[in-house]
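Remarks on the structure that follows.
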Amino acid sequence: MDFLLWEQFRIHETLGLDSAEQRDIIQTNMANARAWAEGPLAQSYKETDEQEAYLADGKVVLPDSYPGLYQGFSEMWTQWQDGAAQGTAMPPIVQNLIIEMFMAGNASFMTYVGFSQPAKSLLRAHGSDDLNATYGPALQDMRATACLCITEKGAGSDLSKLSALATKQDDGRYLLTGHKWLISAGSHEMTDNIYYFVLARTDPKQTGMAGLSCFLVPRYRIDEAGAHRIDNGIRVNEVVTKMGFKGCANTHLLFGEDGVETQAFLLGRMEGTGLQQLMMMMKPARISTGIFALGLASSAHETSVAYSQQRVQGKRFDRAMSARAPSLPIAEHPDVRRMRLDMAAYTSGCRAMIARLGLYQSFEDDPSQPEDLRRAADDISEVLLPIVKAYTSDKAWVVCETAIQTHGGVGFTRDYPAQQNARDCKVLSIWEGTNHIQALFLFRDKLGMCVQPKRLNTLRAAIEDTLARAEATGALDKDVHNLRDALAALGDATAAARDCVRYQRMNDVPQFAVELQAALGDIVIAWHLLEAAEIALKALASGDADAAFYADKVDIARHFLRRRLPQSAASLRAIAGEMQDVVATQLAKTQAA
Ligand SMILES: Cc1cc2nc3c(=O)[nH]c(=O)nc-3n(C[C@H](O)[C@H](O)[C@H](O)COP(=O)(O)OP(=O)(O)OC[C@H]3O[C@@H](n4cnc5c(N)ncnc54)[C@H](O)[C@@H]3O)c2cc1C
């Protein structure tokens, strides 16, 4: 992580964090976060799996350790906020790394605190002054948690099917009826209140995506004096049982139950703008899904590396039958090494991609940064967003599976955590918009159906800068060639997709969207690994570096760019060929007509 901050992204220069004091604060915060993540948080990970959240007498029961963890998290968070108030805020790039440590410690627990920050921003941006004055403080000092409530039993990916209804009363209040389903961290007793940010209709006759509004729906309303909590009629009908994330209570919530009305507070002045408002919550939620995935994957990676170094089994391939040849730690076998390099490439590549997104967020928020830099950062961030969510969660599953394989038989037992990491991480390709929905989002909204190449061109230019530097080392020629080749294949695929759109065959593209997204993800990861290798080669040449650490960076990059990236280039050429066939058939039909 230090390498990322101070060598790859050079935040002392790029973010002007060049004083010894600033560096000290960051290092101290990271060390404290690591101690908590690897201490109490990680110690409760197994318990989280064994004490699945459940419903008893209408209340949700959580793993025993959660109230203590919540208190520990609140104290740390409050301390950081105090630091931020005194002008020593941690930049998003650092926050992302810290949150990764927490996700690696106990991802289920983190669902209870994950929405607090985005909820604060949403309330501040769209809530009335009264609403902020009444409900803001508890969110600020962590006496309330927040949930994002979109999904219903009949409406998952398809929001046009949403049916929860907020009916405006003569006195101007909205009363909510209906249900929400699978809501994460949907109920608990750890805080005074829970705020549900609910997407609902205001007019039952309206259908489709139009007319959806966002409401703040507190579990307890606060009376006008601010002194009393009033039951707001929200009931937990069920806590679902799941294959992973067992400490997270995924709830079926009913509104306006038991004859108790559920009052909902409209965000914004107008009805029907809920989807745009919720984007404020969905964007960080998608990034944090990527960080959830990265945390789980890096935990699986690290435990399997530790195991492979102490498990002694088998001899060198050419001495397998020799009684005198020593048995080796499995880490020394070439195939176990291959698995380690795969895991290391995906985890370190995704970590760098997420760090870049954090860095660019600082650029976007800082008007003193040059305009062209901010614009480029914005273009690249837009392309990276669905990749951070979808690619990282898909690869986390691959990493966890590889970690189980590295362990052999014990990896399949509950004595080792890799299987729990795998079960936990599966949902990350499903929630916050499935990964196929992300791929459609990438193709349609981020790449402008491949008809508007601006964002992709900006990304390509940034990659070209890295390629030029890597080429200058003279030691990465094959890798540079492979990344250029993958970019050329990406060009073929996007050109073919654009032609499908131009020749009225747009509906033929979605079948290739996931492969396009995965290959673009591989290109982005290759870019970051190559950048790290170029820096590592310079450090090695200087002679005073930790040689093993930097040599490993070069090995990881070469492994990925030589053995994984060419597979993506081939995949891109295959889908380009398929789409070209579609266009050729269409043109032949048009000519025949
Ligand atoms: C553990 C967990 C936690 C969750 N937490 C929350 C939460 O806090 N808040 C919340 O609101 N929701 C939450 N959800 C719900 C989650 O967001 C949905 O499950 C998800 O959006 C998918 O919806 P669905 O389950 O109805 O699947 P469906 O929409 O039925 O999708 C099933 C399959 O069909 C595909 N598909 C669907 N539509 C299309 C299309 N147009 N084109 C191509 N393929 C399509 C999907 O990609 C998927 O593979 C959670 C779910 C789980 C499992």
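General remarks:
- Of everything listed in (1) more than 27 Å from K242 (Cβ to Cβ); (2) of a type outside the set (S, T, Y); (3) more than 13 Å from the ligand (Cβ to nearest atom), the single unmet condition for M209 is (3).
- Some residue of segment 292-300 being among the polar types (S, T, N, Q) and under 30 Å from I330 (Cα atoms): yes
- Members of segment 241-276 found to be surrounded by fewer than 19 Cβ atoms within 10 Å (Cβ to Cβ), within 16 Å of the ligand (Cβ to nearest atom) and under 28 Å from the mean Cα position of the chain (by Cα), listed by number: T241, K242, M243, L275
- The condition (being in contact with a Leu (Cβ under 8 Å, 6 or more places away or on another chain) and in contact (Cβ under 8 Å) with a residue 60 or more places away in the chain) is satisfied by just one residue among G314, G272: G272.
Here is a yes/no grid of residues against (1) among the aliphatic types (A, V, I, L, M); (2) surrounded by fewer than 19 Cβ atoms within 10 Å (Cβ to Cβ); (3) closer than 26 Å to L384 by Cα; (4) modelled with pLDDT of 95 or more:
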{"residue": "A526", "(1), (2), (3), (4)": "yes, no, yes, yes"}
{"residue": "I556", "(1), (2), (3), (4)": "yes, no, yes, yes"}
{"residue": "R562", "(1), (2), (3), (4)": "no, yes, yes, yes"}
{"residue": "A574", "(1), (2), (3), (4)": "yes, yes, yes, yes"}
{"residue": "A593", "(1), (2), (3), (4)": "yes, yes, no, no"}
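- Restricted to segment 130-139, and to residues there that are of a type outside the set (A, V, I, L, M, F, W, C) and touching a residue at least 40 places away in the same chain (Cβ under 8 Å), the residue that is farthest from the ligand (Cβ to nearest atom) is T134.
- Scanning segment 440-465 for residues that are touching a residue at least 60 places away in the same chain (Cβ under 8 Å) and in contact with a Pro (Cβ under 7 Å, 6 or more places away or on another chain) returns L440, L442, K446.
- Test: residue in segment 146-157 that is away from the ligand (no atom under 16 Å from the Cβ) and either in the same structural domain as K242 (by TED's automatic domain parsing) or farther than 28 Å from L440 by Cα (or both): no
- Restricting G127, G178, G172, G114 to those that are small (G, A, S) and free of Cβ contacts under 8 Å to residues at least 24 places away in the same chain reduces the list to G172.
- Counted residues, segment 520-557 - those being farther than 22 Å from D477 by Cβ and under 28 Å from the mean Cα position of the chain (by Cα): 3
- Residues that are within 19 Å of the chain's Cα centre (by Cα) and more than 23 Å from L182 (Cβ to Cβ) number at least 1 in the following helices (runs of 4 or more DSSP H) confined to segment 34-121: 92-110.
- Checking E7 against (1) charged (D, E, K, R); (2) modelled with pLDDT of 95 or more; (3) part of a helix (DSSP H, G or I), the condition it does not meet: (2)
- Lone unmet requirement of (1) more than 16 Å from the ligand (Cβ to nearest atom); (2) touching a helix residue (DSSP H, G or I) at 6+ places or on another chain (Cβ under 9 Å) for A548: (2)
- Here the condition is being in contact with a helix residue (DSSP H, G or I) (Cβ under 6 Å, 6 or more places away or on another chain) and not hydroxyl-bearing (S, T, Y); of R573, R502, it holds for R573 alone.
- For N482, the criteria (1) more than 16 Å from the ligand (Cβ to nearest atom); (2) crowded, with 16+ Cβ neighbours inside 10 Å; (3) more than 18 Å from V524 (Cβ to Cβ) hold in every case but one, which is (3).
- S429 vs. criteria under 30 Å from Q309 (Cβ atoms), buried (at least 17 other Cβ atoms within 10 Å of the Cβ) and within 16 Å of the ligand (Cβ to nearest atom): no
- The combined condition, being closer than 30 Å to G156 by Cα and surrounded by 22 or more Cβ atoms within 10 Å (Cβ to Cβ), is not fulfilled by Q504.
- Segment 46-100, residues that are farther than 23 Å from Q117 by Cβ, touching a helix residue (DSSP H, G or I) at 6+ places or on another chain (Cβ under 8 Å) and aromatic (F, W, Y): none
- Index of the failed condition, E432 passing every other in (1) out of contact with any helix residue (DSSP H, G or I) (no Cβ under 7 Å at 6 or more places or on another chain); (2) not in a helix (DSSP H, G or I): (1)
- Here A422, A472, A468 are screened, and the one residue that is within 16 Å of the ligand (Cβ to nearest atom) and in a helix (DSSP H, G or I) is A422.
- Residues that are out of contact with any His (no Cβ under 9 Å at 6 or more places or on another chain), among the hydroxyl-bearing types (S, T, Y) and surrounded by 17 or more Cβ atoms within 10 Å (Cβ to Cβ), drawn from segment 105-130: S108, T111, S116
- Among (1) more than 21 Å from L62 (Cα to Cα); (2) away from the ligand (no atom under 15 Å from the Cβ); (3) among the hydroxyl-bearing types (S, T, Y), the one test that T191 misses: (1)
- Filtered residues of segment 160-188 (kept if more than 26 Å from M110 (Cβ to Cβ), within 12 Å of the ligand (Cβ to nearest atom) and surrounded by fewer than 21 Cβ atoms within 10 Å (Cβ to Cβ)): S160, K161
- Given (1) farther than 21 Å from L182 by Cα; (2) within 14 Å of the ligand (Cβ to nearest atom); (3) surrounded by fewer than 22 Cβ atoms within 10 Å (Cβ to Cβ), number of the condition G448 does not satisfy: (2)
The values are calculated or read from the model by the stated rules, or taken from the named source; none is laboratory data. Everything numeric in this text was worked out from a predicted model, so none of it was measured. Neighbour counts are summed over all protein chains in view; Cβ atoms, including those assigned to glycine, are modelled from backbone coordinates with ideal geometry.
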